[in-house]
Amino acid sequence: IRVVYHFTSSRSPSSLVALEVEVPRGEPRLPSISDVYPAAELQEREQREMLGVEFEGLRDRRHLLLPEDWPEGVYPLRKDFRVPDEPFMSTRPSGHSLEDLQRMLAELEGEGGNQ
């Protein structure tokens, strides 16, 4: 599995650096960069649940798009994914609660409010 990072700078918006990292399909693992680039957390969460790439050090491991009771080891964006004959019916609602969204907003305002 190939993970591609694109980096740019607000000081030099025309500069773009692309970093490609190959990880083994059987055990796709990378260190999380979300401690350095907080905005990477959402992309890492999405790749984790949709492609099965594990990001070591990723703090928020909740599902982002799929319901929390989605079957383990089933990654819908992998090329080998096959739509099951029987539809998957979640028993729990997906997404974040209002309290989760308010907490995330407060954290974001605290990180970048005066910069």
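Read the figures in this text as sums done on the coordinates, not as results from a lab. All values reported here derive from a predicted model rather than from experimental measurement. Because the Cβ atoms are built from the backbone with ideal geometry, glycine has one as well, and the counts that use them run over all protein chains shown.
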Inter-part gap, Cα centre of region 1-27 to Cα centre of region 28-73, in whole angstrom, is 16 Å
Summing -39500 (n - 2.57) over the DSSP H runs of n ≥ 4 in the chain and dividing by its residue number, what mean residue ellipticity at 222 nm do you reach, to the nearest 500 deg cm²/dmol? -7500 deg cm²/dmol
Rounded to the nearest 5, what % of the DSSP beta bridges within the chain are antiparallel ones? 70 percent
Quotient of C-alpha Rg and 2.2 N^0.38 Å, computed over region 1-49: 1.27
Ascending count of other beta-carbon atoms within 10 Å, so fewest first, for 69, 85: 85, 69
Once normalised by the length of region 2-112, the mean sequence separation of its alpha carbon contacts under 8 Å that are 6 or more apart gives a contact order in percent of 17 percent
Which Cα, out of 13, 52, 102, lies furthest along the positive dipole direction of the chain (beta carbon charges, K/R +1, D/E -1)? 13
For region 34-89, the dipole about the Cα centre with charges only on Cβ (Lys and Arg +1, Asp and Glu -1), to the nearest 20 debye, works out at 140 debye
Kindly put 63, 6 in sequence by how many other C-beta atoms sit within 10 Å of each C-beta, fewest to most. 6, 63
Provide Rg and Dmax in Å for the chain, with only Cα atoms included in the calculation. 16.6, 52
So how far apart, in nm, are the two label points at residue 100 and residue 77 if each is 7 Å from Cα heading toward Cβ? 1.8 nm
To the nearest 20 debye, what is the magnitude of the charge dipole of the chain about its Cα centre, counting +1 on the Cβ of each Lys and Arg and -1 on the Cβ of each Asp and Glu? 340 debye
